[in-house]
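Only one structure is covered here, and it is reproduced in the block below.
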Amino acid sequence: MRKIYRGRRRPGGFTLIELMAVIAVIGVLAMIAIPSFMEAVRKGRRSDAFTALSAVQQAQERWRGNRSSYTDSLTPRPSDDPPGLGLPATSANGYYAITIDAADAAGYTATAAAVAGTTQAADGNCRRLRVRVTGGNIAYGSSDGAGDFDESGSNRCWAR
């Protein structure tokens, strides 16, 4: 049986309590979704470092093919013939600063460090990524801003 409202209109719209419940649900979903989304973005942007470090590896092997040792310079030096590796000091998208930390006849160490002010600077234990070549063996490592590099098999920063 239908209710008949005499003298009053049928109530419509939302009550304040219903509106607050919807806002609370949206807030909880946002608290869960936004950090997960940002983690996925940071993980995807690590490929910028991987690409830059791969370019260093290839250039170092070309350099070593013509000389008796690897070089410690990314950018060209006037005294080098041919001049340096000729690579930029930042990754293609600008999320990482690339350096060659050490180089000799047996190997080299190259590091990609997240640039301050980018999303990658909040990438936890993956803020710095490193490739180390020693005697023909390659080791991949990662570290937070100042800690030691983790080169174990449980390192989750490097996709293998």
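Taking 0.36 nm per residue of separation and subtracting the current Cα-Cα distance, fully stretching the chain between residue 75 and residue 102 would add 8.3 nm. Output the relative contact order of region 64-160, whole-number percent, from Cα pairs under 8 angstrom with separation of 6+ residues. Value for region 64-160: 17 percent.
Over region 27-103, the Kirkwood radius and the radius of gyration, each from Cα atoms, give a ratio Rg/Rh of 1.23.
The helix-based estimate of mean residue ellipticity at 222 nm for the chain, built from -39,500 (n - 2.57) per DSSP H run of four or more residues and divided by its residue count, is -12000 deg cm²/dmol to the nearest 500. Take the convex hull of the alpha carbons in the chain; its mean projected area over all directions comes to 16.8 nm².
Shown in residue order for region 13-26 are the 3J(HN,Hα) couplings computed by the Karplus curve 6.51 cos²θ - 1.76 cosθ + 1.60 at θ = phi - 60°: x, 10, 7, 4, 5, 5, 4, 5, 5, 5, 5, 5, 5, 4 Hz (x for Gly and Pro). Along the chain, counting only chymotrypsin sites (Phe, Trp or Tyr not before Pro) with a DSSP assignment other than H, G, I, E or B and at most 10 other Cβ atoms inside a 10 Å radius, the longest segment between sites is 15-160.
Each reported figure results from applying straightforward, stated rules to the coordinates on display, with no laboratory input. No experiment lies behind these values; they were computed from the predicted model shown. A quick note on method: Cβ atoms are made from the backbone with ideal geometry, for glycine too, and the neighbour counts reach across all protein chains shown.
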